[in-house]
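The values are calculated or read from the model by the stated rules, or taken from the named source; none is laboratory data. Note that the coordinates shown come from a computational prediction; the quantities given were computed from them, not determined experimentally. In this analysis, Cβ positions are derived from the backbone assuming ideal geometry, glycine residues included, and neighbour counts consider all displayed protein chains.
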């Protein structure tokens, strides 16, 4: 399996090369040359697999430069009951992503049983182990540069802390994360973890990561890699739980399901798009946005118009406060028939701060990929946290509430609807309490998290300052 850049100007690479490269040298994102498709018989064989076996079965379709036994060991080490210890009493640790039925044909796919209580752990734990393996085999080191709106950062740092040959430089928007999210990151004292709070919004952090990665001389000299969802390894690991969720709620492959995905950077739902391309019987992929509804606007009109930092709202679902979704490029590449030149024309406009609008012909193609969308606001989140608690006895976080609202906007009674959970409610305790007057349960190991000493630097929104900081600490 070889990988190509969406911009068409970079050489084809194998999996390990793509893993360590992150952003392609031409500024594009890597995707496999083709999507392997599972037959009906193969899907039947996968139905009763453990999560570990399911992950291995999917990974080996995309990774052919790591020996089978080594890949199997990495998978088993990643998806263990010890790492994904259960966070809710009705679930068992052996089920990595339990499915909770709220009512007939409405399901919640629980993705937040990992060490940082967010869905990002499922991919990050895999990245931590496979990064360490590949770097050791090649005798290399890596300086990971990432940006987070709240959940990627903790998940990456918990997965990479103490790993040999790896340093992590994580950018976050200063003062916008929940206190719990900030404490998860900033309280880490490991010598290979560096936190930088940028005076701006998440899109500013993401732009700095891309600016540094596009300075190829600096990137190569400092061995810069990525853990954001621009890294193909992240998307690959997220594909697995779409298959797991589908098998949980169906008993034959003629059944189709809908998935609703709270969406900021488009990585999570991009994995669902690829699962669908691989033959998983998905009917609709529902993009759930908050007040930063650039993607909702696109799927309704065909116009993609990212907003400036000043026009990006700070909301009660802060991990979705994103107006420029970096993974969106992967989907548009497929939508345009993998036409790199056409894609590049659109992204020249985006990279220069402008917008693009699909032709009527291209806009009509969206239907064949099953995408629909919805947006929500604070009052919606409060109402749906309250209704899920009152009706089903479950407490959800604000982002998952955005997902429930979108699911209700598009649900068909006869069709199974799976909403992807994004985080445990304790990460957004203030908003949850505002809605239901109840403090969500906190794992005892994180009881006094916000009281721990915190270590981070505050920088202006300037890529050169970040480059100097990396230079001074490597």
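For the reader, a short list of remarks on this structure follows.
- Taking the numbered list (1) under 24 Å from residue 226 (Cβ atoms); (2) touching a helix residue (DSSP H, G or I) at 6+ places or on another chain (Cβ under 8 Å); (3) free of Cβ contacts under 8 Å to residues at least 60 places away in the same chain in turn, residue 5 passes all entries but (3).
- Scope the range 247-274; condition in a helix (DSSP H, G or I) and either in contact with a strand residue (DSSP E or B) (Cβ under 7 Å, 6 or more places away or on another chain) or over 22 Å from residue 152 (Cα atoms) (or both); matching residues: 247, 248, 249, 268, 269, 272, 273
- In the set 171, 111, 145, only one residue is part of a loop (DSSP other than H, G, I, E, B), touching a residue at least 24 places away in the same chain (Cβ under 8 Å), in contact with a strand residue (DSSP E or B) (Cβ under 8 Å, 6 or more places away or on another chain) and surrounded by 24 or more Cβ atoms within 10 Å (Cβ to Cβ); that residue is 111.
- Qualifying residues in the range 353-373 (those that are in contact with a helix residue (DSSP H, G or I) (Cβ under 6 Å, 6 or more places away or on another chain) and within 26 Å of residue 308 (Cβ to Cβ)) - the one surrounded by the fewest Cβ atoms within 10 Å (Cβ to Cβ): 356
- Residue under evaluation residue 60, criteria (1) in a helix (DSSP H, G or I); (2) touching a residue at least 40 places away in the same chain (Cβ under 8 Å); (3) under 26 Å from residue 138 (Cβ atoms), criterion not met: (2)
- Test: residue in the range 28-38 that is touching a residue at least 24 places away in the same chain (Cβ under 8 Å), part of a helix (DSSP H, G or I), crowded, with 16+ Cβ neighbours inside 10 Å and touching a helix residue (DSSP H, G or I) at 6+ places or on another chain (Cβ under 8 Å): no
- In the range 115-142, the residues that are over 26 Å from residue 204 (Cα atoms), assigned to a loop (DSSP other than H, G, I, E, B) and in contact (Cβ under 8 Å) with a residue 60 or more places away in the chain: 140, 141
- Among the residues making up the range 252-265, those that are surrounded by fewer than 24 Cβ atoms within 10 Å (Cβ to Cβ) and under 15 Å from residue 403 (Cβ atoms) are 257, 258.
- For the range 431-450, filtered to residues that are modelled with pLDDT of 95 or more and in a helix (DSSP H, G or I), the residue that is farthest from residue 396 (Cα to Cα) is 434.
- Looking only at the range 265-316, and only at residues there that are in contact with a helix residue (DSSP H, G or I) (Cβ under 7 Å, 6 or more places away or on another chain) and over 24 Å from residue 119 (Cα atoms), the one that is modelled with the lowest pLDDT: 309
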